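First the structure, in the form of structure tokens, and then the observations on it.
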Amino acid sequence: MSGERGGVRLTAWVRGEVQGVGFRWWTRARALELGLVGSASNLRDGRVEVIAEGDRSTCEKLLELLGSDAAPGRVTGVTEQWGVARGSNVGFVER
């Protein structure tokens, strides 16, 4: 299933000045442009958790964008974890 549409699940934790700067909204817009499903959520420790499901190459594009200068705020690092898509997401939501 990996490599097929809907085959992978990317979980990324974005560090830096990423809360209160439109980061979740921006992430949602990029994910929808790429055709991904998932969510972007603020965490209590100041990070944003991004969960995206789709094909691997498209999730990798989103991952690149999350750490780019185009992202709102100031990203100091991104930690990623890959797995098999669960298929439980519809659309892309901010939480």
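What's the magnitude of the charge dipole for the chain around its Cα centre, counting Lys and Arg as +1 and Asp and Glu as -1 at the beta-carbon? Answer in Debye, nearest 20.
220
Angle, helix 56-66 long axis vs. longest principal axis of the chain, Cα atoms, 0 to 90°, nearest 10?
Helix 56-66 and the main axis of the chain meet at about 0 degrees.
Treat the count of other C-beta atoms within 10 Å as a stand-in for reagent exposure and order VAL18, VAL8, VAL84 from fewest to most.
On the way: VAL18 26, VAL8 22, VAL84 12.
With the sparsest Cβ surroundings first, the list reads VAL84, VAL8, VAL18.
No lab work stands behind these numbers, since they all come straight from the coordinates. Worth saying up front: this structure is predicted, and the values here are computed from it rather than measured. Backbone-built Cβ (ideal geometry, glycine too); neighbour counts: all protein chains shown.
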